[in-house]
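Here's the structure, in structure tokens; my notes come after.
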Amino acid sequence: MHIMEGFLPAAHAVAWSCVAVPFVAAGAWKLKKIVVERPEARLQLAAAGGFAFVLSALKLPSVTGSCSHPTGTGLGAVLFGPSVMALLGSIVLLFQALLLAHGGLTTLGANIVSMAVVGPWVAYGLWRASTALGLPMAVGIALAATLGDLATYVVTSAQLALAFPDPVSGFVGAFGKFAGIFALTQVPLAIAEGLVTVVVINALVGRGFLKTEGVKA
Amino acid sequence: MSLAIDRLAQSSRWRRRSTTEKAVLALGLLALALALPPWPGAVLVLLVTWTAALAGARIGWRDWLRLVAAPLGFALTGAAALAVEIGPDGVALARDGGRAALSVILRAAAALSCLLLLAVTTPAPDLVRGARRLGLSPEITEMALLIWRFLFLLLESAIAIRHAQEARLGWRGFRRSIRSLGLLVALLLPRALDRARRLETGLAARGFDGSLPMLSPRQTVSTYFIAATLGLQAAVLGVGLWWS
Amino acid sequence: MVELSLEACGLVFSWPGGGRALDGLDLAVRRGRRLAVLGPNGAGKSTLLLHLNGTLRPEAGEVRVDGAAPGYGRAALAGWRKRVGLVMQDPDDQVFAATVAEDVSFGPLNLGLSEAEAAMRVAEALDALGIADLAERATHHLSFGQKKRVAIAGALAMRPEVLLLDEPLAGLDHRGGMLLQGVLARLAEAGTTLVLTTHDVDLAYAFADEVALFSNGRTLRQGEAAAVLGDRALTEAAGLETPLLLELGVRDRAEALARFGRR
Amino acid sequence: MVELSLEACGLVFSWPGGGRALDGLDLAVRRGRRLAVLGPNGAGKSTLLLHLNGTLRPEAGEVRVDGAAPGYGRAALAGWRKRVGLVMQDPDDQVFAATVAEDVSFGPLNLGLSEAEAAMRVAEALDALGIADLAERATHHLSFGQKKRVAIAGALAMRPEVLLLDEPLAGLDHRGGMLLQGVLARLAEAGTTLVLTTHDVDLAYAFADEVALFSNGRTLRQGEAAAVLGDRALTEAAGLETPLLLELGVRDRAEALARFGRR
């Protein structure tokens, strides 16, 4: 869920950008390391970035009239690992703002934190945990994708609540308002994304592209 | 394949203006939209950006309105949350009568117009090159430019796959749609990586060793345009501060 | 009227922000015939096919199926696409399941057929394309020519009345091309109406009953193959050549060799 | 010996997990000539080209440039690819930059040329392909034919002695094909040695001085175009036809029309 251009007050826009910087820088550092070891990985990662953009541009079938779409968070994190996703995700978010007017430049920092940092890490963590627990792969993937999506939406609601606390009930009330309103679109979307991800992983396994372990670029 | 904003940017009357000029104009106004109180700051910014886009860069008004309206869904749902309050007696209309909601919408509309002014006059690669000149590391800018190339290639594939699935009655109802989308994504990912592998071979034939040197087009910056832009922005700033 | 199975009347279409792809285009597809839509690259041939099965919606004009515009509602589109199948140019875009049989069953299952019926349809379609032995093969290990035939089988398994094929022979070598021409000829004999796009005048001459010559989003002329292709001024206007065999006044290669050959 | 600019001797290569792609293949590329490597799909033509510029390394046999095996070290490969350029079949596999001029400048800059020299090379290459007006265009808005020429310009800007082209005319229509043939003819006249792969016997006959007939990873025969293509048993063994013009005993279409034409 992208926060649109100009929706956050200036101070919040700046603050979230500052929060995002270290994660993006770490992603860039990681990228540099990968590229030094394997120069050809650069093209693979770029392809992954393009892929993530396309995923976000494909409308999910569930919620008509909503401006939301799958973030690809779960899949990206499981396939490519979350730290480099922070950088790829940031570039993809920039292009989404410039090409689709999804999100924005002043809200880029906030969107990076929710969609390129928190979402991927949650999805990745759940994926690792479910593998460690020996859950069936489909269950693990569906959980990772769905909850990764939900985590993004929770963070976004919190960001909005921080920016616009309720005059009466403060942050908590505002969080309730934003989370409540956006739940109408985001919860079905997260479930749909979980289901799609399962189809994807099964098809990839069927094509011999994935072993039971995730591939890493 | 292309996206509406990109098409407009490639064919806009300001396509050949230097990135610096367009960035100073749009980003300066963006900063003003955020910094000034929405009334009258955002209104002034809206006035200037719409004039620049419609009269300056000659973007068709239909295209422009469609773009401006796109993020409306988010703006309205978000503002709805601001128009109500949660108190001990439950949900009630905000005591300011929705003034806060209105000013947020106004500010967002102004800021969005600035973003769109930049986006419909300047192809994204120009901005990435600009960022490189400002010192962003080549690893990141090269990655961004490659992603740019891949996203169009993959978008084209995704649309073709979707058309093929529709021809065979996929994408009809929730279950078929989920399955169709899943198969589409599962076909696209290996193709993306396969494209990367073949591009590597293609570039190796031209001496690829890991870095991607390119000759970027030189642009001359019009001091007149910059001066006029800064003057205009100073005026917006002045009026905005004086009024409030 | 009943013999016209598909009709395009004055179609106009522009890609968003781009130029005009179709510019008042007319086309008539007669039942049971083989029609070649012939034109240079970029003339709008693929865009036309996407209109003929309802994927794209024209800005002006309309497409008629059996004399009536089917409409673009969900049920109407499903009925339309059941009758009018589409095979796109790049088989990589349309073979998306893991195995051949699974892929070909995509359409029949979407029609709501039972698994048993769908399996029958799959077997029938694979048979028609001569690839029954590939049924269990993984799709990503197929050669280009095989994948092309799987894509056609996927459309055929829905038993369409009209089959639209975008550049069906592109990328195939001599042997692969002959094989596919044979398959298409058998489909035509079995009663399927065929519409294919191509920029290859020789293919159009060899294969089609009728040719619609296409240029800049319009039909320059539609008529019997020899008449349209024999009009030099017309083919030149479309940026194409007259087929050599037609210029030599013979129907096919064998006749050319018999009349003029060295040996 | 000096006239042989590139040579393949007994190349053997298998794709991992796949069958044998090259099976003791020999080929001789003579300086300043146009060689067509002709064979059906899957015969190993693309795999061969990837050996000729050092992208793939044979399991047995070797590739020689000017009589000596250059080796596969980084510097050796760079020198090799500077002299032997490669244009792949799908231009999307080579065109990577956002604008045409940027893309074409990639090769020259990799050669270590200064920006000014590189800019000159870019202008020269775009000129040679007749696409100087496309320099500032976004690559993703190009038509297929334009993209193809950008890919060739990208290879040409490195001023290779030998240019390898994989199916250069595939997917182009009549006009686009003629245009590109004209460009290649001019390159050949200017002294570039050309090697192209194709499954189109007519193209090979029209364009090449020499033809190497290819089947199942081996050269069936290499020699003057008319001699190789005129051997019916040979072309049939490779799953190809004899060019019609050759069967009719004429060199080109114009001559055929003059001798046998109706009008």
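Observations on the structure shown:
- Scanning the stretch D:237-263 for residues that are at the interface with another protein chain (Cβ under 7 Å from one of its Cβ atoms) and under 15 Å from D:ASP202 (Cα atoms) yields D:GLY239, D:LEU240, D:GLU241, D:LEU244, D:GLU247, D:LEU248, D:GLY249, D:ARG253, D:ALA256.
- Which listed residue, of C:GLY85, C:GLY107, C:GLY73, is within 30 Å of C:ALA8 (Cβ to Cβ) and more than 20 Å from the chain's Cα centre (by Cα): C:GLY73
- Count - residues of the stretch B:72-113 that are among the aromatic types (Phe, Trp, Tyr) and over 21 Å from the mean Cα position of the chain (by Cα): 0
- Positions within the stretch B:166-225 being more than 10 Å from chain A (Cβ to nearest Cβ) and aliphatic (A, V, I, L, M), in sequence order: B:ALA167, B:LEU169, B:ALA205, B:MET214, B:LEU215, B:VAL221
Conditions (1) in a helix (DSSP H, G or I); (2) within 17 Å of the chain's Cα centre (by Cα), marked per residue:
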position: B:ARG16; (1), (2): no, no
position: B:LEU25; (1), (2): yes, yes
position: B:LEU29; (1), (2): yes, yes
position: B:LEU44; (1), (2): yes, no
position: B:VAL48; (1), (2): yes, no
position: B:ILE59; (1), (2): no, yes
position: B:ARG62; (1), (2): yes, no
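- A:ALA47 vs. criteria at pLDDT 75 or above, open to solvent by less than 10 Å² (accessible area, probe 1.4 Å) and not aromatic (Phe, Trp, Tyr): yes
Yes or no, residue by residue, for (1) at the interface with another protein chain (Cβ under 8 Å from one of its Cβ atoms); (2) in contact with a helix residue (DSSP H, G or I) (Cβ under 7 Å, 6 or more places away or on another chain):
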site	(1), (2)
B:GLY97	no, no
B:LEU112	yes, yes
B:ALA131	no, yes
B:LEU134	no, no
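- Any hit, the stretch C:25-37, residues being open to solvent by less than 20 Å² (accessible area, probe 1.4 Å) and within 14 Å of chain B (Cβ to nearest Cβ): no
- Residue match in the stretch A:78-98 (condition: buried (at least 23 other Cβ atoms within 10 Å of the Cβ) and not in a helix (DSSP H, G or I)): no
- In summary, C:ALA101 fulfils each of the numbered conditions (1) over 30 Å from C:ALA227 (Cα atoms); (2) open to solvent by less than 40 Å² (accessible area, probe 1.4 Å); (3) among the small types (Gly, Ala, Ser); (4) part of a loop (DSSP other than H, G, I, E, B) with the single exception of condition (4).
- Residue check, C:ALA151 modelled with pLDDT under 95, crowded, with 21+ Cβ neighbours inside 10 Å and in contact with a Pro (Cβ under 9 Å, 6 or more places away or on another chain): no
- Filtering A:ALA15, A:ALA20 for residues that are touching a helix residue (DSSP H, G or I) at 6+ places or on another chain (Cβ under 9 Å), more than 9 Å from every other protein chain (Cβ to nearest Cβ) and over 16 Å from A:SER90 (Cα atoms) leaves a single hit, A:ALA15.
- So D:VAL84, is it within 30 Å of D:LEU109 (Cβ to Cβ), touching a residue at least 12 places away in the same chain (Cβ under 8 Å) and not basic (Lys, Arg): yes
- Failed criterion for A:LEU126 (all others in (1) within 13 Å of chain B (Cβ to nearest Cβ); (2) within 20 Å of the chain's Cα centre (by Cα) hold): (1)
- Considering D:VAL63, D:VAL12, D:VAL29, the condition of being in contact (Cβ under 8 Å) with a residue 60 or more places away in the chain and of a type in the set (A, V, I, L, M) is satisfied by D:VAL29 alone.
- Within the stretch B:131-161, the residues that satisfy the criterion of being among the hydroxyl-bearing types (Ser, Thr, Tyr) and either touching a strand residue (DSSP E or B) at 6+ places or on another chain (Cβ under 6 Å) or touching a residue at least 12 places away in the same chain (Cβ under 8 Å) (or both) are B:THR141, B:SER157.
- Cross-chain or 6+ apart pairs with Cβ under 8 Å, the stretch C:160-175 first and open to solvent by 20 Å² or more (accessible area, probe 1.4 Å), then acidic (Asp, Glu): C:LEU169/C:ASP200; C:HIS174/D:GLU241
- Residue in the stretch A:168-178 that is more than 9 Å from every other protein chain (Cβ to nearest Cβ), crowded, with 17+ Cβ neighbours inside 10 Å and at pLDDT 85 or above present: yes
- So D:ASP200, is it open to solvent by 20 Å² or more (accessible area, probe 1.4 Å), closer than 14 Å to D:GLY39 by Cβ and among the acidic types (Asp, Glu): yes
The values are calculated or read from the model by the stated rules, or taken from the named source; none is laboratory data. Just so it is clear, the model here is predicted, and its values are computed rather than measured. For neighbour counting, all protein chains shown are included, and Cβ atoms are generated from backbone atoms with ideal geometry for every residue, glycine included. Ligands, DNA and RNA are stripped out before the accessible areas are found, and what is left, the full protein with its side chains, is counted by its heavy atoms. Shrake-Rupley method; radii C 1.70, N 1.55, O 1.52, S 1.80 Å.
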